[in-house]
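For reference, the structure is listed below as structure tokens.
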Amino acid sequence: MDIALRNNLDKYISRLQEVARGSRSISLMALRKGSENRTAASKSATLFLAYCALTSLLRRIITSLAEPSCVAIIDVPETWQLEDVVEAAKFIFKDQKQPRVVQHPRVKHRRGWEIDTAELLESKMLIVFVQEGSPVHEDFELAVTVRDRLSPCEPRHIRAISQLRGCGEISYDGAKVIAQQPSTRMEAIFRFGQPAQRAVSRLSQGNSRQPQKEKIRHVDISKGFGAASLWAMDLKKDIQEWREGRLAWAEVDKGCLLYGPTGTGKTRFAVALADACEMALEVGSIAQWQAFKDGDLGDMLQAMQQSFTAAKENAPSILFIDEFDSIGDRKKFPARHATYSTTVVNALLEALDGVEGHEGVVVVGACNDPEKVDSALVRNGRLETHIHFPMPDAASRNQILAFHLPSLADDPALKEIAGRLVEKSGADLERLSRDVRRVARREGRVVSIDDLRKRLDPLPVLTDEQILQVAIHEAGHAIAAEMLKVGKVTKVQVFDNVIHFSDDLEAHGLTSIELSQPAFETRWGLKKLITYHMAGSAAEEVFFKDNSTMAAGSSTSDFARATKIAIRMVTEFGLGTSRYHLPDSIDFNSPLDLWQDHRLADEVNTILHEQYGRAVDMLSGLDTWLKQFAMILAERKVLEHRDLRDLWAQLRGYPT
């Protein structure tokens, strides 16, 4: 029996015995009598496996359940009966009033749903179990806080129940064979005192004679993920050579940090990576570790160690640690939590170093903000490879839609639709595809490209006046870049949403520039960059004597970029009025940090006002040029590099 199994078996047995004592339909004596007893034993096995699966899932979503109000939708695989899972959930929560557990109807009748959502949604915490593939009440779809999938029959749980019932040890591969069976087969597999491995052999023989079930489709890690695809293919090749004995484990990459916005596919990529490399996948997270047992420091460290132990025992494996940035940085912990948090980081460092001594384990972390991660965790020798997962561009969105809607993959209109779905994450596109498939399924037909078109939100068509304002704004950026020599302008665009659409940003216009890459920055160089970012709004003020919201409103807007540069000038580069050096002193995701430091706020404000004024002064002296540039842009909508080169020559009077 493996270490993780030994550590948890006593707890599982104790819990199962509690189930037997507490259930009206099961008793300890009944487990030893007749054919009805075998049915009761089957129910106990199913309840045991459902309990284990629910416990793992609840740990994963515990942060959502801890919210003041939560509606959780849990998809249950078709091979498992909802009744068994609901019974296990009621056992876990015993007589507690919260959360409220609901079994969702499998179908919607002509007279409507046989469920009162208004009454159910009055509960502060509601867990709705849905048969996978079944429709969900529209009210639950609107109110859902978190949605996840139950994964019953984890191999470690199957191996535990086999030991519990005296059915002998089962190999990891054998447990995977059993995991593919419906819950109704557990009686035949786990008869008391009968070897479960015999059932595994018979199942394997039967599978070899029958057509194999369709394998779960994973995303193609070899394309569509940029740098991540290159790293993944290198890892796959190294793992294969290591298996063949042609490569020492010391030569294999041991860790990688995937970072980027929520919903960009980091978790899906990790799952597909494990499948492509034919490695076991162990999943953990800070929230999951903290939810273990009572959640105190000792329990959390034990849960963390169990994740690493399981990964080592199932090697070759990938240990995927989600929400890696929630681990934190020892330099930034509040004093009252410093001891606890520092101990967690130190334990994780020790665990990562311990992986060095165990072949076959690759650690993959995923987070939204790598700047929140302790630098020691991501240095060379630990999670040394860092790969950005941006929001998918138009080409990547096309690939994602083609994956989820394979019948439309060759339709040329799919590329056009993907281009219209600006700033949609991989998760957004998966949800869109699921909705489209549901509509077609209910109508008894295949998905069509028109199903997708109907889901597109109509874009506002710009008037001539609005097009001119956008053109003035982008002309300001382009002229400032050219005059200040901050980089090479490659394209300037206006999106009218009739013929010209934005592919990658929710924007009305865009100035594309290849910024200069100096060996080091200067005070004047950074100020010129701030002037460039603020020149769009300054151009509007020069021409219209007014400003619009085009320069602000998001973390990637003109003003946001200018503000971040000014903050770094003051806090990191010593280019403010003081020479102090305070790296990482400002959390750019928490604007309150800036406003609470009045001295810093005043100094940053001074820099921004100064450079905005410089942009206004510069463009005021070039107002005729600004107008001519904008009029040409408003007419053509797109100015490529060649057009710009000719335009600079025409307007400035020097030869190309």
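Key figures for this structure:
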| read-out | value |
| --- | --- |
| Cα centre as origin, Lys/Arg/Asp/Glu Cβ charges: the chain dipole, Debye | 2380 |
| Degrees between helix 338-355 axis and first principal axis of the chain (Cα, 0 to 90, nearest 10) | 70 |
| Förster radius 41 Å - calculated FRET efficiency between ASP411 and GLN98 (Cβ-Cβ, nearest 0.05) | 0.30 |
| Residue-span extension gain [VAL146 to LYS491] - 0.36 nm each, minus C-alpha spacing | 120.1 nm |
| Angle in degrees between helix 227-243 and the longest Cα principal axis of the chain, rounded to the nearest 10 | 40 |
| Where trypsin sites (Lys or Arg not before Pro) fall in DSSP loop in the stretch 54-104, at most 14 other Cβ within 10 Å | LYS94, LYS97 |
| Relative exposure of SER548, SER183, judged by other C-beta atoms within 10 Å (fewest first) | SER548, SER183 |
| Contour excess over end-to-end distance, with Cα ends at PHE520 and ASP393 and 0.36 nm allotted per residue | 42.7 nm |
| Student exercise, the stretch 104-210 dipole from Lys, Arg, Asp, Glu Cβ charges, in Debye to nearest 20 | 740 |
| Gain in span if fully extended, THR339 to ALA188, counting 0.36 nm per residue against the direct Cα distance | 49.2 nm |
| At R0 = 35 Å, FRET efficiency that the Cβ-Cβ distance of ARG442 and HIS500 yields, to 0.05 | 0.45 |
| Sequence of PHE544, PHE403, PHE129 once ranked by neighbouring C-beta atoms within 10 Å, starting from the fewest | PHE544, PHE403, PHE129 |
| For the chain, Kirkwood radius (reciprocal of mean inverse C-alpha pair distance, Å) | 28.9 |
| Charge dipole (debye, nearest 20) of the stretch 394-453; +1 at Cβ of Lys and Arg, -1 at Cβ of Asp and Glu | 200 |
| Signed unit charges on C-beta, dipole axis of the chain, positive-most listed residue VAL130, VAL85, GLN628 | VAL85 |
| Residues of type lysines that LYS237 reaches as a straight line, Cα spacing below 23 Å, ignoring anything fewer than 8 places off in the same chain | LYS215, LYS223, LYS254, LYS266, LYS312 |
| Farthest toward positive dipole pole in the chain [+1 Lys/Arg, -1 Asp/Glu at C-beta], among ALA280, HIS609, ALA418 | ALA280 |
| Relative contact order (percent, whole number), the chain, Cα cutoff 8 Å, 6+ residue spacing | 9 |
| Residue (of TRP289, SER307, PHE269) at the positive-pole extreme of the stretch 258-310, dipole from beta-carbon charges | PHE269 |
| Structure-based [θ]222 nm, the chain - -39500 (n - 2.57) summed over DSSP H runs of at least 4, per residue, nearest 500 | -16000 deg cm²/dmol |
| Between helix 394-404 and the chain: long-axis angle, C-alpha atoms, 0 to 90°, nearest 10 | 20 |
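Bear in mind that the values in this text are calculations on the coordinates, not laboratory data. Note that this is a predicted model, so its numbers are computed, not measured. So basically every Cβ, Gly included, is an ideal-geometry build from the backbone, and we count neighbours across all protein chains shown.
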